[in-house]
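The block underneath contains the structure these notes are about, expressed in structure tokens.
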């Protein structure tokens with residue numbers, strides 16, 4: 001009986017430490033990335049790179065501009081309004097959630113957490129560029145209501161699948177859990 005209470009207490013304590021560390025890391029990463037001088041560089045990177053992808057891979061003729069108020073603006077001659085790359089388009093939220101979960105995983109060595117965070121940066125950048133470019137491409141070929149639907153859908157899909165999926169895979173590999181075997 002006492003052993004069960006001790007195990008439950010240990011699990012609660014481990015969960016509480018994870019949540020506390022997650023919260024601390026999230027605030028630090030989110031504020032540093034989204035509310036410091038870094039934000040302008042991050043926004044510019046996603047804007048200029050998405051513009052390049054649209055021009056060279058999707059064949060959509062676009063013009064890129066950047067200013068401190070509107071941030072990245074992509075203009076397409078075939079539509080009447082500019083496309084703004086806003087805060088949620090930068091992937092800062094996704095990266096902050098994913099990196100915080102990785103860094104808060106105290107049952108994994110700091111070396112593996114560092115590698116996981118570095119891989120998270122790459123995964124978020126790659127999938128975010130795909131998401132932005134594909135969404136803008138859809139805006140050029142669909143009507144606005146369908147494009148709005150896909151914009152919201154892809155954002156949520158990206159948030160859930162990439163963040164949770166990457167964390168789950170990383171945690172399984174980092175803690176030595178066996179691979180999933182086909183029966």
Express in nm, to one decimal, how much length is gained between residue 119 and residue 156 on full extension, taking 0.36 nm for each residue of separation and deducting their alpha carbon distance. 11.2 nm
Restricting things to alpha carbons, tell me how big the range 2-174 is in terms of Rg and Dmax, in Å. 19.2, 71
Quick one: if you stick a label point 7 Å off each Cα along the C-beta vector at residue 48 and residue 78, how many nm between them? 2.6
Could you check the simple spin-label distance between residue 27 and residue 40, using points 7 Å along Cα→Cβ, in nm with one decimal? 2.7
How far, in degrees from 0 to 90, does helix 92-103 lean away from the longest principal axis of the Cα atoms of the chain, to the nearest 10? 20
Gap separating the Cα centres of the range 145-166 and the range 21-42, nearest whole Å: 22
Quick one: helix 165-174 against the long Cα principal axis of the chain, what's the angle to the nearest 10°, folded into 0 to 90? 40
Theoretical ellipticity at 222 nm over the chain - DSSP helices of four or more residues, -39500 (n - 2.57) apiece, nearest 500: -22500 deg cm²/dmol
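Taken together, the values in this text are just the output of simple stated rules run on the coordinates, not laboratory data. What you see is a predicted model; the values in this text were computed from it and never measured. With ideal geometry, Cβ positions are generated from the backbone for all residues, glycine too; neighbour counts draw on all protein chains shown.
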